[in-house]
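Accompanying notes for the structure given below.
Derivation of every value follows stated rules applied to the coordinates shown; laboratory data play no part. Because the structure is a prediction, the values reported are computed rather than measured. All Cβ positions, even for glycine, are placed from backbone atoms using ideal geometry, and neighbour counts span all protein chains on display.
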Amino acid sequence: MDEVPGSLGTSASFSLRMGQTMFSSASLLFMSFGVEFYSYTAFCYLVTIMGLVIPWSFTLALVDGYSVLLKCPIRQPGILLIIVVGDWVLSTLTLAAASSTASVVDLLLNTHGSFCPPKLCSRSKVHLEKLQ
């Protein structure tokens, strides 16, 4: 059977998984530096998804590295199915998180600051005044 570049158990797959882990970690790191990112659901969603992608990608990078060292690529259909479904679900969730975050950033840039309906903001101010 011919080896497809980037398939599980190859050095290309190991490189791709390490890149995926590094970029997911960078995304999570930059989101953590954001001031009040937790006040927008889209940003919280992105942080949650990146928190799922990082261990998934790192685990598969370890599997790839182990397969490359042993020169024994994984070809069991059950394992490949789990990896394909896991990658499909996480990539769909990552796309949704990135798209929603981009739309919130666009909204914030076009409104020149925080976007808060007057009724909601007045409720928050009253609540904060009671706490102080």
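Here are the numbers for the structure shown:
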item	result
Among 93-106, 46-59, 70-83, the order from most to least packed when residues are scored by Cβ within 10 Å on average	46-59, 93-106, 70-83
³J(HN,Hα), Karplus 6.51/-1.76/1.60, whole Hz, each residue of region 18-23, x for Gly, Pro	5, x, 5, 5, 5, 5
Centroid-to-centroid separation of region 52-84 and region 4-18 [C-alpha atoms, Å]	9 Å
Cα-Cα pairs of region 40-108 separated by more than 15 Å (percent)	62 percent
